[in-house]
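Only one structure is covered here, and it is reproduced in the block below.
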Amino acid sequence: MMMNHSTHTTNVRLLLPETLWLEPDHFERAKAASDRFTNEHQQWQAYLNALAMLAFEDWLKERLPNHTPVQSGFTEHANVCYLRVGEFKLCLMATEHVLDETVRVPRIALDQPELTAHFYVLLEVIEAQAQVIIRGFLRYDELMIQGNQPGFQAFDEFCVLPLDRLDTEVNHLTVYVQYSSPSAIQIPTTLNQATTASLQQNSSPVRTRLSRWLQGVLDEGWQTIDRLINPEANLAWSTRHFSSGMKGGKLI
């Protein structure tokens, strides 16, 4: 049977993962980023993260319109790094190999709201060959569903799921960030500064002007003692040696 060559070539191309090439500048910048850590294991993981992030950032910028901003960012945690693409947040998970056909997702990137992301991208870094391979990605909501699926394992630092759960067609990711909305993928959020300031303002103590009590005027929320206490409760209490004047209280 004759096989259509163009169709065969297209199918093979779709099956092959996207391979990115590392430049000398990437290695220098990754080394500088890893120097922030003193632990040898953390240094190596931060180095892999930086290589993956720099290569993936360049790849995205080549495929997205110029008006779509792409910004990279490190955290104080060696296991994770991020890209912000427009209003989307991408958590990049760098690994040396995927020989065991599994994906290790850092727990902090799922448990801590400030570290959660809309998408989680697995990148295999082959340093010796100056390559970064995009193994696939998963949306946050899809990743949460995996917790109830066979093959999902949760440990102290990582959650592990089978590699075949990822979407390996990375063009789907570029379509998402161009034509979808971040609100379509609900992720945990933290209070922003404006909200925090508002809460602090609302929770600040209110000064009670006791001088007005001498005039028989109580501030809002306060009541006279005889109104506050239910006479039917038959409570035993004493005013000790209060002098005559206005007495008040409020329920807390």
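The values are calculated or read from the model by the stated rules, or taken from the named source; none is laboratory data. Every value quoted in this text rests on a predicted model; they were computed, and no experiment measured them. Here Cβ is always computed from backbone atoms with ideal geometry, including for glycine, and neighbour counts include all displayed protein chains. For accessibility, only protein heavy atoms count, side chains too; no ligands or nucleic acids. Shrake-Rupley method; radii C 1.70, N 1.55, O 1.52, S 1.80 Å.
Quick check on my filter: what residues within region 101-124 are of a type outside the set (V, I, T), over 15 Å from G136 (Cβ atoms) and out of contact with any Phe, Trp or Tyr (no Cβ under 9 Å at 6 or more places or on another chain)?
The answer is D111, Q112, P113, E114.
Give me a count of the residues in region 57-88 that are touching a strand residue (DSSP E or B) at 6+ places or on another chain (Cβ under 6 Å) and touching a residue at least 24 places away in the same chain (Cβ under 8 Å). Give the steps one after another, and end with the answer.
Quick first cut of region 57-88, residues touching a strand residue (DSSP E or B) at 6+ places or on another chain (Cβ under 6 Å) only: 57, 59-61, 70-74, 79-85.
Checking the rest, the ones that are also touching a residue at least 24 places away in the same chain (Cβ under 8 Å) come to 57, 59-60, 74, 79-83, 85.
Here the count works out to 10.
Any residue that is open to solvent by 20 Å² or more (accessible area, probe 1.4 Å) and in contact with an Asp or Glu (Cβ under 6 Å, 6 or more places away or on another chain) - is there at least one of those in region 72-87?
Looking for residues that are open to solvent by 20 Å² or more (accessible area, probe 1.4 Å) and in contact with an Asp or Glu (Cβ under 6 Å, 6 or more places away or on another chain), one finds at least one in region 72-87, hence yes.
Across region 113-154, what is the total count of residues that are in a strand (DSSP E or B), at pLDDT 95 or above and open to solvent by 20 Å² or more (accessible area, probe 1.4 Å)?
Counting residues in region 113-154 that are in a strand (DSSP E or B), at pLDDT 95 or above and open to solvent by 20 Å² or more (accessible area, probe 1.4 Å) gives 4.
Could you check how many residues of region 173-194 are open to solvent by 70 Å² or more (accessible area, probe 1.4 Å), in contact (Cβ under 8 Å) with a residue 12 or more places away in the chain and under 29 Å from N66 (Cα atoms)? Step through it out loud before you land on a result.
From region 173-194, those open to solvent by 70 Å² or more (accessible area, probe 1.4 Å) are 175, 179, 183, 186, 189-194; that's our starting set.
Next cut, in contact (Cβ under 8 Å) with a residue 12 or more places away in the chain only: 186, 189-190.
Filter once more, so that each one left must be under 29 Å from N66 (Cα atoms): 186, 189.
Adding up the residues that qualify gives 2.
Could you list all residues from region 13-63 that are closer than 24 Å to E76 by Cα, surrounded by fewer than 13 Cβ atoms within 10 Å (Cβ to Cβ) and of a type in the set (A, V, I, L, M)?
Passing the criteria: only A32.
Which condition does R207 not pass, out of (1) open to solvent by 70 Å² or more (accessible area, probe 1.4 Å); (2) at pLDDT 95 or above, if it passes all the others?
(2)
Which one of I126, I134 is among the β-branched types (V, I, T) and touching an Asp or Glu at 6+ places or on another chain (Cβ under 7 Å)?
That would be I134, the only listed residue that is among the β-branched types (V, I, T) and touching an Asp or Glu at 6+ places or on another chain (Cβ under 7 Å).
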